[in-house]
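Working notes, beginning with the structure itself.
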Amino acid sequence: MKYLLDTCVISELISKQPNMKVVNFIDSLDQEDVYLSVITIGEIAKGIEKLPSSKRKRELENWLKENLLIDFEGNIIPLDTEILIRWGELSAKLEEIGISSLLWIL
């Protein structure tokens, strides 16, 4: 089975006190079956950038460049025109029935 990890999962893994159930589950997966979206990379970078200048911020900046991007090399899903058109179609249909386009991706 293939897994697309959301930003909240990655954030949990690097939190100061991560939920061990999440950590253990991710550790149990075959790395070849685990993917990230470019959106997750952007959200992680944004979160790091918003931190005040500190040792933790520098550590996370290094972790992003030296660990996350390397660990997931080849398993980062880009956005292309086809994906964005499909997202637009689904978002419009969901809005018509009163569902936020952000909620359905959970």
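Bear in mind that the values in this text are calculations on the coordinates, not laboratory data. Model, not experiment: these values are computed from the prediction. Every residue, glycine as well, gets a Cβ built from its backbone with ideal geometry; the counts of neighbours run over all protein chains shown.
In plain terms, the chain from residue 61 to residue 1 could stretch by 18.6 nm, reckoned as 0.36 nm per residue minus the Cα-Cα distance. Each Lys and Arg Cβ is given +1 and each Asp and Glu Cβ -1; about its Cα centre, the chain then shows a dipole of about 620 debye. For the chain, the relative contact order works out to 25 percent when only alpha carbon pairs closer than 8 Å and six or more residues apart are counted.
Placing a pseudo-label 7 Å from each Cα along the Cα-to-Cβ vector at residue 86 and residue 43 gives an inter-label distance of 1.9 nm.
Neighbour counting of Cβ atoms within 10 Å sorts the residues 20, 1, fewest neighbours leading, into 1, 20.
Projecting the Cα atoms of 40, 4, 88 onto the charge dipole of the chain, computed from C-beta unit charges around the Cα centre, puts 40 farthest toward the positive end. The helix-based estimate of mean residue ellipticity at 222 nm for the chain, built from -39,500 (n - 2.57) per DSSP H run of four or more residues and divided by its residue count, is -15000 deg cm²/dmol to the nearest 500. Counting lysine pairs in the chain that sit 8 or more residues apart in sequence, or on different chains, and whose Cα atoms lie under 24 Å apart gives 13.
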